[in-house]
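Engineer: Submitted below is the structure of interest, expressed as structure tokens.
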Amino acid sequence: MTARSRWILGATGVVGAGIVWVLVSLGDRPVTYDDIREHFKYGSIGSEPGISLLWPMGGVLPPYAVFTALPSICPEKLPGGYASLGFVFEPGHDLPIGVSRRHRLGIDHVGLNCAVCHTSTVRDREGATPRVVLGMPAAGLDLQNFLRFVTDCSLDNRLTAEAVLGHIRQMRDPPSMFERMAIRWFGLVNRIKLETLERRNRLAAFLDGRVPQWGRGRVDTFNPYKALQFNWRLDQLPHDELIGAADYPSLWNQKPREGMHLHWDGDNDSVDERNLSAALGAGVTPVTVDHAGLKRVRDWIWTLPPPAYPYPIDRALAARGAVLYRQHCLECHADHRFRDGIVEGRKVGTIEDIDAIGTDRHRLDSYTYVFAANQYALYPDSQYRFTHFRKTRGYANQPLDGIWLRAPYLHNGSVPTVRALLDAPGQRPKTFYRGNDVFDQQGLGFVSTEREAGGRVFFEYDTTVPGNSNSGHVYGTTLTPADKEGIVEYLKTF
Amino acid sequence: MKGYRAVVGVLLVLGVISGVFVYNHFFRTRTPVFASDEDHFLFGSIGTEDTDGIPYWLWLVLPRIFPEYLPSPGGYASLGVLSKEGNEMPVGFSKATIGYERVGTNCAVCHTASVRLRPDDPPMIVPAAPAHELAMPQYLRFLSACASDPRFTADTVLDEVAKNYRLPISDRLIFRFILIPSAKRNILRLTARYSWTHDRTEAGRGRVDLPNSAKFGLLRQPIGTTVGNADMPPVWNLSAHSGRSYLWDGSNTNLQEVVVSSAISAGSGTKWIDRDVTSLNRVQQYLSSVRPPAYPLPIDRPLAALGANLFERDCGSCHSPGGTRTGTVVPIAEVGTDPYRLAAWTPASAAAFNAYGSGHAWQFSHFRATTGYVAVSLDGLWLRAPYLHNGSVPTLEDLLNPPASRPSFFWRGYNVYDTHHVGFMTTGNEARREGTAFDTRQPGNSNAGHSYGTSLSPDDKRALIEYLKTL
């Protein structure tokens, strides 16, 4: 081999390797799952950052290597790790349910998916094994403190390129060489800090305690959206508008919901548009959204049945309750056959005027006409552009399929159990604890009297805090205790 | 020789390719067509995109990049720009493709209002009503502030666009090197044309200074000290008003000319008007028959009947549809209202406007200067608050009080209706948050004059107002 041909061979090799490297690093590959349940739990809907190689956009989480390093970098900020915030970890997974992984533009990113807010656990009693229930409201998740932790620790002085590289050396599945180079030489960690700073500035109102705590199982759907999508300066909004925390809803059985007023205030009647809007909340942008990944979830929850009540039911009592339910509740809430797509009830899925229902109005007022006007420009110049959002003047009547898993009740989760909801507002608990996954078969809901259990501190819910009122929805509150027991028993069959 | 031919061939092919490229990216025109006349009025193009149009993607992201230059959170809506449910473009904003997508304004931006009975009602959108919420000067000031900001760069703008839409690389290059720099120049030139607004009374929400805009901008007359702020008028029911004097001072008597000159003032290109006025004709046709909405609350009919008699007796000659002076100019000395708007339009201005379209098919000939204000007919009066040409009197009740007892300071631009005084709410925190200040002591803002009916008894006033609700 002559010197010249060796030189040519070498150059070709370098160029070829360069091309391969560029192709690999530019690829957009989610970690995929054939099983739809696994896809729901861990699959990507596109909420990982993307768009630009040097300046990734979208998403709310730092890259995989940083995300998994944060709890050990700032241990005192999160002693129990992500699990203490209500994230559910399964054996064999280093990421919790609801966090997806995707290789995008050379970086191993993570993002939030539908399961983060729509999956939780249930236990029969303290000490029992938790059962993971897909599609139920994430009643234990403290999303606000999660965002606060990720923000604080990303900006902490201990988060440095060296610290992340040290963490990477211990990883079973370390990120690509490209990413390691980006961390070591191209300032990836500093850029993450800049992005985090910008996000913190936009969301300051929710991170610095200016608005009441969302607490476990609740999120303010639209206010962070105003800041993240439209860059509204939240401190200039009327303060009450920033109080919008509400419970996560269940995701199952969407098909019979199409055309009904969705979201607590009924602001949208299209399941698909509602899904895309929720995906924005998880961090997708109209550009980075993974429509195929989202559609798999959509098709699955379309007919996903609500889990059947696993504990004994007193059938005779339930039958008595069914009669009363028909009389007092069916018109607005349909009955146990909704799980089979049968909708009986004139007002199911329609909006009940705020003056008639009388529940806390903050969530309603947090969604404004001006905000809707801005939403119509989301997903611009595409078939997905939003057209269904409407400002309403009340709360939507929800079908009650799988209601046993949807505690606490009312849109703001201000009433711990179904039984308590059937008491007059003055008799409902004034404070209680949210986030315990031990089931209360008596009251129908979760145990709400324990302050902490198993190392997890629950959220003390105070109904006197603005946005947390347990007033209104007085239907059935004048029935006899025996009748109320009947209705509770019947609702177990939903 | 052979080589020469090959070179020519290659050049020819390149020429054709670049020609097609340039045509596609800068000239190919596509204007959306709307099925209903109302949507055409609200969102259709009247040819303003070509001259003053802003590239759509830039227009979309400016409020997200520069929220600090808007009066409050809410994007363009914070400027009183309205939105009709489900429509991407706000009311009065058209999107047309001339090579690239551009945003212009149309008649509806100044002639559509919204109204609510309670603060938590979704607003009702009323086409052809005066846009009492719109802060047009602030819109221009917003654009100007953006274009003057050092962050108004291709990098900033394209990064924000990238979050919303994947622009092809060719478009990104065009934006970077052509459209964003030229938009900056155009915006600064447009706002320089309005620099005269800085040293005189604020128009605020619901008003524009049409005479000065025409004189100083369009007609290139020397900048003077006049103040011409006036309310935007309703444009409904035009066929019922044919043959009247138009504009507050009656400075034109020909409807067609008023429509075309208003479009030109709004930014329609004269070449566009030469080419095709079917779009404007469709607007005019729609407006000729569209009716104001009825008063939304129950009316005390017997009381209104009493009021009708009083109206015929005291107001009819100037304001009833068949009144002898309805639609004619009442001398300023007689009506006694603020004279600034009248003084802003002079015989010289009229002559200049009549000469403006010289050589065009639509050339104007009916512009004139007058000596007073038109006694307008009062259809849809309940939605035309604040009252008088300069919007200096918040409610009908105030208008029936002697000038000295009318409010001297209030907030205008809030769309919740005050059914008690009949007009929009002009006091309170919300009105202050959403409105702009109106101070009647500023030049052009006087609430004097039009003292008709101010000496009626309280009962008669109540009856008269009840009747006025029915118009």
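Engineer: Give me the Debye-computed log₁₀ of I(q)/I(0) at q = 0.05, 0.07, 0.08 Å⁻¹ for the protein assembly as shown, equal point scatterers on Cα only, no solvent, two decimals.
Structural biologist: The Cα Debye sum returns log10 ratios of -0.38, -0.71, -0.89.
Engineer: Per residue of the range A:402-414, in order, report the coupling 6.51 cos²θ - 1.76 cosθ + 1.60 (Karplus, θ = phi - 60°) as ³J(HN,Hα) in whole Hz, putting x for Gly and Pro.
Structural biologist: The phi angles translate into x, 4, 4, 9, 9, 6, x, 10, 6, 4, 9, x, 9 Hz.
Engineer: Classify the range A:20-102 from the C-alpha gyration tensor, please: rounded if a/c falls under 1.5, else prolate or oblate depending on whether a/b exceeds b/c.
Structural biologist: On the way: a/c = 2.24, a/b = 1.32, b/c = 1.70.
Here the range A:20-102 falls in the oblate category.
Engineer: How far is helix B:2-22 tilted off the main Cα axis of chain B, in degrees rounded to 10, range 0 to 90?
Structural biologist: In chain B, helix B:2-22 runs at an angle near 20 degrees to the longest axis.
Engineer: Hey, what angle do you get for helix A:271-282 against the long axis of chain A, alpha-carbon based, 0 to 90 degrees rounded to 10?
Structural biologist: 60
Engineer: If you keep only loop residues by DSSP, which GluC sites (Glu not before Pro) in the range A:266-356 have at most 14 other Cβ atoms within 10 Å of their Cβ? Mind dumping the intermediate values first?
Structural biologist: Details: sites: A:273, A:331, A:344, A:352; in loops: A:344.
Here the GluC sites (Glu not before Pro) that fit, given the DSSP loop and packing criteria, are A:344.
Engineer: Could you work out how much longer the chain between residue B:11 and residue B:278 gets when fully extended? Use 0.36 nm per residue separation minus the Cα distance between them, nm to one decimal.
Structural biologist: 92.0 nm
Engineer: With the Cα gyration tensor of the range A:122-162 in hand, convert its eigenvalues to equivalent ellipsoid semi-axes via √(5λ) and list them largest first in whole Å. It would help to have the intermediate numbers written out before the result.
Structural biologist: On the way: eigenvalues 216, 32, 17 Å².
So the equivalent ellipsoid measures 33, 13, 9 Å along its semi-axes.
Engineer: Another one. How far is it, in nm, from the label point at residue B:177 to the one at residue B:199 when both lie 7 Å from their Cα along the line to the Cβ?
Structural biologist: My value for the distance between the label points is 4.2 nm.
Engineer: Please give the helix A:315-328 orientation as an angle from the longest Cα principal axis of chain A, in degrees from 0 to 90, rounded to the nearest 10.
Structural biologist: For helix A:315-328, the angle is close to 90 degrees.
Engineer: Out of residues 5 or more away from residue A:396 or on other chains, whose amide H comes under 5 Å of its own, with H placed 1.01 Å from N in the peptide plane?
Structural biologist: A:265, A:266, A:352
Engineer: Restricting things to Cα coordinates, could you compute the convex hull volume per residue of chain A in Å³?
Structural biologist: So the per-residue hull volume is 157 Å³.
Engineer: When the Karplus curve 6.51 cos²θ - 1.76 cosθ + 1.60 is applied with θ = phi - 60°, which whole-Hz ³J(HN,Hα) does each residue of the range B:382-392 get, with x for Gly and Pro?
Structural biologist: With the stated coefficients, the range B:382-392 comes to 4, 8, 9, 6, x, 9, 6, 4, 9, x, 9 Hz.
Engineer: A further question on this structure: Just in the range A:151-196: which trypsin sites (Lys or Arg not before Pro) are loop by DSSP and have at most 16 other Cβ atoms within 10 Å?
Structural biologist: Qualifying residues, ordered by number: A:158, A:172.
Engineer: Further question: From the residues A:221, B:224, B:243, which one has its Cα farthest along the dipole of the protein assembly as shown in the positive direction, the dipole being from +1 and -1 charges on Cβ of Lys/Arg and Asp/Glu about the Cα centre?
Structural biologist: Working it through, the farthest residue towards the positive pole turns out to be B:224.
Engineer: If amide H atoms are built 1.01 Å from N in the plane of the peptide, which residues on other chains or at least 5 residues away come under 5 Å of the amide H of residue A:417?
Structural biologist: Distant-sequence amide H within range of residue A:417: A:409.
Engineer: Restricting to Cα atoms and excluding each atom paired with itself, what does the Kirkwood estimate give for the range B:5-93 in Å? Present the calculation step by step, with values, prior to reporting the outcome.
Structural biologist: Numbers: mean 1/r = 0.0607 Å⁻¹.
Answer for the range B:5-93: a Kirkwood hydrodynamic radius of 16.5 Å.
Engineer: Cα centroids of the range B:395-471 and the range B:101-116: how far apart, whole angstrom?
Structural biologist: Measuring centre to centre over Cα atoms gives 25 Å.
Engineer: Next question. Return the equivalent ellipsoid semi-axes of the range A:351-494 as a descending list in whole Å, where each equals the square root of 5 times an eigenvalue of the C-alpha gyration tensor.
Structural biologist: Values: eigenvalues 195, 72, 52 Å².
Taking √(5λ) for each Cα gyration eigenvalue gives 31, 19, 16 Å.
Engineer: Another question about this same structure. What's the magnitude of the charge dipole for the protein assembly as shown around its Cα centre, counting Lys and Arg as +1 and Asp and Glu as -1 at the beta-carbon? Answer in Debye, nearest 20. Intermediate values should be presented prior to the final figure.
Structural biologist: Details: 100 positive and 96 negative charges, 533 e Å.
Once rounded to the nearest 20, the dipole reads 2560 debye.
Engineer: Another question, then. So for each of B:29-39, B:238-248, B:185-195 I average, over its residues, the number of other beta carbons within 10 Å; can you give me the resulting order with the highest mean first?
Structural biologist: B:238-248, B:185-195, B:29-39
Engineer: I'd like the FRET efficiency for residue B:405 and residue A:315, computed as 1/(1 + (r/R0)^6) with the beta carbon distance as r and R0 of 60 Å, rounded to 0.05. Show your work: numbers first, answer last.
Structural biologist: Details: r = 75 Å, r/R0 = 1.25.
Calculated value: 0.20.
Engineer: Going by a 4.7 Å Cβ-Cβ cut-off, which cysteines of chain A have no partner at all?
Structural biologist: A:114, A:117, A:329, A:332
Engineer: Next up: Along the charge dipole of the range A:71-153, pointing to its positive end and built from +1/-1 on Cβ of Lys, Arg, Asp and Glu, which listed residue (A:110, A:79, A:151) has its Cα farthest out?
Structural biologist: A:110
Engineer: Let's see if you can work this out: charge +1 on each Lys and Arg Cβ, -1 on each Asp and Glu Cβ, no other charges. What is the dipole magnitude of chain B about its Cα centre, in debye to the nearest 20?
Structural biologist: On the way: 44 positive and 41 negative charges, 313 e Å.
With only Lys, Arg, Asp and Glu charged at Cβ, the dipole is about 1500 debye.
Engineer: Something else about it: Quick one: compute a quarter of the convex hull surface over the Cα atoms of the range A:1-144 and quote it in nm². Before the final figure, lay out the partial values.
Structural biologist: On the way: hull surface 51.4 nm².
Projected area, direction-averaged: 12.9 nm².
Engineer: Can you list, largest first and rounded to whole Å, the semi-axes you get for the range B:322-453 by taking the square root of 5 times each eigenvalue of its Cα gyration tensor? Let's see the in-between values first.
Structural biologist: Values: eigenvalues 191, 63, 46 Å².
Output for the range B:322-453: semi-axes of 31, 18, 15 Å.
Engineer: Could you work out [θ]222 nm for chain A from helices alone, using -39500 (n - 2.57) per DSSP H run of at least four and dividing by all its residues? Round to the nearest 500 deg cm²/dmol.
Structural biologist: About -10500 deg cm²/dmol.
Engineer: Please enumerate, by chain and number, the lysines with C-alpha under 30 Å from the C-alpha of residue B:84, excluding those fewer than 8 residues away in the same chain.
Structural biologist: Here the lysines satisfying the reach criterion relative to residue B:84 are A:226, A:255, A:295, A:347, A:391, B:95, B:163, B:184, B:469.
Engineer: Tell me, what is the percent relative contact order of the range B:79-203, built from C-alpha pairs under 8 Å that lie six or more residues apart?
Structural biologist: Values: 118 pairs, mean separation 22.5, N = 125.
Worked out over the range B:79-203, it gives 18 percent.
Engineer: Turning to a different aspect of this structure: I need the shape label for the range A:304-350. Rule: rounded when a/c is under 1.5, else prolate if a/b > b/c, else oblate, with a, b, c from the alpha carbon gyration tensor.
Structural biologist: Numbers: a/c = 2.95, a/b = 1.22, b/c = 2.42.
Since a/c reaches 1.5 but b/c is at least a/b, the shape of the range A:304-350 is classed as oblate.
Engineer: What residues have an amide H closer than 5 Å to that of residue B:393, excluding those fewer than 5 places away on the same chain, when H is modeled at 1.01 Å from N in the peptide plane?
Structural biologist: Distant-sequence amide H within range of residue B:393: B:387.
Engineer: List A:154, B:265 from most exposed to least, where exposure is judged by having the fewest other Cβ atoms within 10 Å. Write down the numbers at each step before the final one.
Structural biologist: Details: A:154 23, B:265 17.
By the 10 Å Cβ count, ascending: B:265, A:154.
Engineer: Using a simple spin-label model with points 7 Å from Cα along the Cα→Cβ vector, what separation in nm is obtained for residue B:454 and residue A:15?
Structural biologist: Going by the 7 Å Cα→Cβ label model, 8.9 nm.
Engineer: Report the rotationally averaged projected area of the range A:165-225 based on its alpha-carbon convex hull, in square nanometres.
Structural biologist: Details: hull surface 25.8 nm².
Answer in nm², one decimal: 6.5.
Engineer: In terms of the Cα gyration tensor, with a ≥ b ≥ c the square roots of its eigenvalues, is the range B:368-438 rounded because a/c is under 1.5, prolate because a/b exceeds b/c, or oblate? Before the final figure, lay out the partial values.
Structural biologist: Details: a/c = 1.74, a/b = 1.66, b/c = 1.05.
Because a/c hits 1.5 or more and a/b exceeds b/c, the range B:368-438 counts as prolate.
Engineer: Then there is this: Where does chain B land on Rg(C-alpha)/(2.2 N^0.38 Å)? Kindly include the intermediate steps, with their values, before the conclusion.
Structural biologist: Numbers: Rg = 24.2 Å, N = 471, 2.2 N^0.38 = 22.8 Å.
Computed over Cα atoms of chain B, the ratio equals 1.06.
Engineer: Read phi for every residue in the range B:230-235 and hand back ³J(HN,Hα) as whole Hz from Karplus 6.51 cos²θ - 1.76 cosθ + 1.60, θ = phi - 60°, with x for Gly and Pro.
Structural biologist: 8, 4, 6, x, x, 10
Engineer: Right, another one. Over 5 Å intervals from 0, what percent of Cα-Cα pairs in the range B:153-279 sits in each interval?
Structural biologist: 2, 8, 14, 15, 14, 13, 12, 10, 7, 4, 1, 0
Engineer: Could you state the orientation-averaged shadow area of the convex hull built on the Cα atoms of the range B:154-199, in nm² to one decimal?
Structural biologist: Working: hull surface 15.6 nm².
Mean projected area for the range B:154-199: 3.9 nm², to one decimal.
Engineer: Another question, if that's okay. For the range A:273-290 and the range A:182-239, write down the distance between their C-alpha centroids in whole Å.
Structural biologist: The distance from the Cα centre of the range A:273-290 to that of the range A:182-239 comes to 17 Å.
Engineer: Between residue A:387 and residue A:83, how many nm apart are label points set 7 Å from Cα along the C-beta direction?
Structural biologist: Result: 4.9 nm between the two label points.
Engineer: Next up: For a bin width of 5 Å, list the pair-distance distribution of the range B:254-316 built from all Cα-Cα distances, rounded to whole %.
Structural biologist: Bins of 5 Å from zero give 4, 13, 15, 14, 10, 8, 10, 11, 8, 6, 2, 0 percent of pairs.
A short reminder: the numbers here are calculations on the coordinates, not readings from a lab. This is a predicted model, so every value here is computed, not measured. Virtual Cβ from ideal backbone geometry, glycine too; neighbours counted across all protein chains shown.
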